[in-house]
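Participant: The structure is given below, and queries will be raised subsequently.
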Amino acid sequence: MNGEVRIEVRSIPRWLRHARVFSTFDALLADQHLLLVSDHEPRPLRAQFEERYGSRYSWSDRQLGDGRWEVRVRKVAAQGADDSVQSIIARAGTFSGITPDSLARLASRARRAAIKRHHTVVEQGVMWPYLGIVAHGIVQAVLVAASGREDVVYDALAGDAFGEAAILDRGNTALRHVALTADTHVVLIPTDALAGVIEREPAVLRALGELSAQRFRSALERFSLGRIASSTARVATALLPYAAPDAGMAPALAPLPHMTQVELALRAGTVKEVVNRALSELEEWGALRRDRGHIVELDRDHLTAFVASAQ
């Protein structure tokens, strides 16, 4: 088997996709890659990878436009305990392929921190001498305007780096980063240690640049959607990452069932009252099901159709 195996997910029947991906990944050797081409953000697949493989995989995705996503999944060689600092750094897409010596140097300088849900990892607009890596849970990046309005820009999932913009331009943090889940753990790599690795391995700087560019593209897409789509369509778009690709209703991915309407409003660029009306409309459309006010099931096809019809 070559170093990279490509799967055109869009050409495989929906009910066979994940099984095909897992069997192919299982056959890979350490440090080999699986390249997936999909028609949607494959967050449900990533959640299953996290359950099955923990720190033994590395995930890097790119949205290329026109309903095309590319994901590179690398099989990571064991680095000791799955929750060790070295294992967490090794599975970060930013550090894919760095030398064992550089990995050990970063791990020796990094520290781990547990963050309570809704607590801040780092504020916006401060000098922060770290690059963060999510070890477990989700870190939410929030843009805070001068007026106090907040908008969610992206989620950093397990294995994702955050705070890269300040690394690239040596300025203040561009966003506030907050723990979205109750079990959020992060690894903090000092910037001076990172600078030494970048000097020896320029590919790390390139990976940080690509990550920042992808997040910029995503922010532009959200901005464009906010100008042309209805508020209900924006809410539907905010829900899509938590919808499994199964046909019909399927359990919503975590942490959506525990999100408040205020949190959804931050993601949709609106307010709680609008979200409440939008969820009722989407429920009537057959795109979701709630239990005691919490969203417990989503229908991806219905959500996608609603977004398309509203534009």
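The values are calculated or read from the model by the stated rules, or taken from the named source; none is laboratory data. Just so it is clear, the model here is predicted, and its values are computed rather than measured. Note that each Cβ is placed from the backbone with ideal geometry, even for glycine, and that neighbours are counted across all protein chains shown. Heavy atoms of the whole protein, side chains included, go into the accessibility calculation; ligands, DNA and RNA do not. Shrake-Rupley method; radii C 1.70, N 1.55, O 1.52, S 1.80 Å.
For every residue, the table says whether it meets (1) surrounded by 18 or more Cβ atoms within 10 Å (Cβ to Cβ); (2) outside any helix (DSSP H, G or I).
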position	(1), (2)
Ala254	no, yes
Pro257	no, no
Leu266	yes, no
Val275	yes, no
Ser280	no, no
Glu283	no, no
Val296	no, yes
Asp301	no, no
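Participant: Does the range 108-116 contain any residue that is among the hydroxyl-bearing types (Ser, Thr, Tyr) and open to solvent by less than 70 Å² (accessible area, probe 1.4 Å)?
Facilitator: no
Participant: In the range 138-161, which residues are at negative phi and out of contact with any helix residue (DSSP H, G or I) (no Cβ under 9 Å at 6 or more places or on another chain)?
Facilitator: Those that are at negative phi and out of contact with any helix residue (DSSP H, G or I) (no Cβ under 9 Å at 6 or more places or on another chain): Ile138, Val139, Val144, Ala145, Ala146, Ser147, Arg149, Ala156.
Participant: Can you tell me which residue in the range 117-127 is farthest from Pro255 (Cα to Cα), limited to those that are outside any strand (DSSP E or B) and open to solvent by 50 Å² or more (accessible area, probe 1.4 Å)?
Facilitator: Restricting to residues being outside any strand (DSSP E or B) and open to solvent by 50 Å² or more (accessible area, probe 1.4 Å), the top hit is Met127.
Participant: Out of the residues in the range 33-54 that are open to solvent by 20 Å² or more (accessible area, probe 1.4 Å) and part of a loop (DSSP other than H, G, I, E, B), state the one that is nearest to Ala135 (Cα to Cα).
Facilitator: Restricting to residues being open to solvent by 20 Å² or more (accessible area, probe 1.4 Å) and part of a loop (DSSP other than H, G, I, E, B), the top hit is Glu41.
Participant: With respect to Ala90, determine if the residue is at pLDDT below 95 and of a type in the set (Gly, Ala, Ser).
Facilitator: yes
Participant: Against the conditions (1) assigned to a loop (DSSP other than H, G, I, E, B); (2) over 19 Å from Gln214 (Cα atoms); (3) in contact with a Phe, Trp or Tyr (Cβ under 7 Å, 6 or more places away or on another chain), where does Leu29 fall short? Just the number, please.
Facilitator: Result: Leu29 fails condition (3) only.
Participant: Hey, another quick one. Go through the range 92-106 and give me each residue that's open to solvent by less than 20 Å² (accessible area, probe 1.4 Å) and either among the acidic types (Asp, Glu) or touching a strand residue (DSSP E or B) at 6+ places or on another chain (Cβ under 9 Å) (or both).
Facilitator: Correct list: Ala92, Gly93, Thr94, Phe95, Leu106.
Participant: Does Leu36 satisfy being closer than 26 Å to Asp301 by Cβ and touching a helix residue (DSSP H, G or I) at 6+ places or on another chain (Cβ under 6 Å)?
Facilitator: It is true that Leu36 is closer than 26 Å to Asp301 by Cβ and touching a helix residue (DSSP H, G or I) at 6+ places or on another chain (Cβ under 6 Å).
Participant: Name the residue, out of Tyr53, Tyr130, that is touching a Pro at 6+ places or on another chain (Cβ under 9 Å) and among the hydroxyl-bearing types (Ser, Thr, Tyr).
Facilitator: Going through Tyr53, Tyr130 in turn, just one is touching a Pro at 6+ places or on another chain (Cβ under 9 Å) and among the hydroxyl-bearing types (Ser, Thr, Tyr): Tyr130.
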